[in-house]
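Take a look at the structure below.
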Amino acid sequence: MSELPNKKILHFLNSLLLSLSTLGVVTLSHQANAASNVAENIDYLKVVQEERSWAGLNSKTLRVGDVVWSYSEGGPKNKPTILLIHGLASSRDTWNSVAKSLTPYYHVIIPDLPSAGATQVPANFDLSVPNVTEQLRRFIEAAHIQDNLNIAGHSLGGTIAMFYASQYPFDTKSLFLMSTGGIFKSTNTNYLRNPIYLKQLLITQKGDLDFVMNKVMFHQPFTASIIKNEQEKLFIAKSADTAKIINQIDALNRLYTPMTFTTMLKNIEAPTIILWGAQDQIVNVDVANELKSVLKRPENPIILQRVGHMPLLEAPERVAENYLSFLNKVQPLQNPFSDQKHEQFESKK
């Protein structure tokens, strides 16, 4: 969590493991000494579904063209919609702890991006950031959530969120950028200078997960070892797809310069909140201030101390608190392009 493990998450995990063991999903050895009990097997999918339910989310699928999207949805549908976009080598479930604080007040949609999580794509699918952004737009339209959409992105998800907000300023109500990747002047990590270095963070064999978590987090939240083992298996299974995405990030770096990337960012009209971990080793915190200097309607960056590249896992309550405050402030604001959009719609009739 932050400086100390988040007590509420610890309580949830302990309660969850206890309830699952009662159901017979987790088998514990019957040692006389309770401290030596060892979890032998687990239905990890059921654990994930329990966590989504705890966050007020339901699992859904939606086919749009060649993509079969898997996504989580929660919160009242008559409230403003938030789209949460996960990062590289991740899935929609990295947002669950943050989403728990959002679903009581907002309509929340969290998709697995193409080739991530359970979203299915053809073998030859184009995983470039521009194409994934376009496919995401098609998903958004098919789900009928394009109007006044609040978009949040973490890491690579933040890059996609910026591309989306730049291309669809009419429809983007607000933007939340967290530890966001891109092509920046203030870059000073190898992972940003040369994205091929990201392949050092691929989890391809047992034991890799601990190394990677120490790189991307300042302080790891508690995770039961049996759950961590299952997570590692999923990362290993997805490592080839993750490598393909890294190749596309590298291609994006060759396509854009810091100057041309800045030009794209200047097309973003949405009010924007920027949040970073001060100890981020993947995307250095200096980028937060560069974004503030470039974007049209930014808030002052929120820098969380003793947090790395994964604020949504290391400090989910602080992330949610800051995001909710921002969302409540921007909902009454008028999109400066909304009248133009209405006029364009009328002219097409």
Practice item. Considering (1) surrounded by fewer than 22 Cβ atoms within 10 Å (Cβ to Cβ); (2) of a type in the set (Gly, Ala, Ser); (3) touching a Leu at 6+ places or on another chain (Cβ under 9 Å), say which one residue 65 fails and leave the rest. Key: (3)
Check your understanding: residue 158 is checked against (1) in a helix (DSSP H, G or I); (2) open to solvent by 30 Å² or more (accessible area, probe 1.4 Å) and fails just one. What number does that condition carry?
Key -> (2)
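Let's see how each residue does on (1) open to solvent by less than 10 Å² (accessible area, probe 1.4 Å); (2) over 15 Å from residue 293 (Cβ atoms):
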position	(1), (2)
243	no, yes
249	no, yes
254	no, yes
257	no, yes
272	yes, no
275	yes, yes
278	no, yes
Review point. How many of the residues in region 195-210 are closer than 18 Å to residue 231 by Cα, among the hydrophobic types (A, V, I, L, M, F, W, C) and part of a helix (DSSP H, G or I)?
Key: 2
Practice item. Inspect region 165-173 for any residue being farther than 24 Å from residue 103 by Cβ, modelled with pLDDT under 95 and in contact with a Lys or Arg (Cβ under 8 Å, 6 or more places away or on another chain) and give the result as yes or no. Key: yes
Review point. Do we have residue 112 as touching a residue at least 12 places away in the same chain (Cβ under 8 Å) and open to solvent by less than 10 Å² (accessible area, probe 1.4 Å) here?
Key: yes
Check your understanding: Of all residues in region 114-139, how many are among the aliphatic types (A, V, I, L, M) and touching a strand residue (DSSP E or B) at 6+ places or on another chain (Cβ under 7 Å)?
Key -> 2
Check your understanding: Just for helices (runs of 4 or more DSSP H) wholly inside region 211-301: which have at least 3 residues that are among the polar types (S, T, N, Q)?
Key -> 225-237, 239-255, 258-265
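The values are calculated or read from the model by the stated rules, or taken from the named source; none is laboratory data. This one's a predicted model, so the numbers in the text were calculated from it and none came from an experiment. A quick note on method: Cβ atoms are made from the backbone with ideal geometry, for glycine too, and the neighbour counts reach across all protein chains shown. Remember, those area values only see protein heavy atoms, side chains included, never the ligands or the DNA or RNA. Shrake-Rupley method; radii C 1.70, N 1.55, O 1.52, S 1.80 Å.
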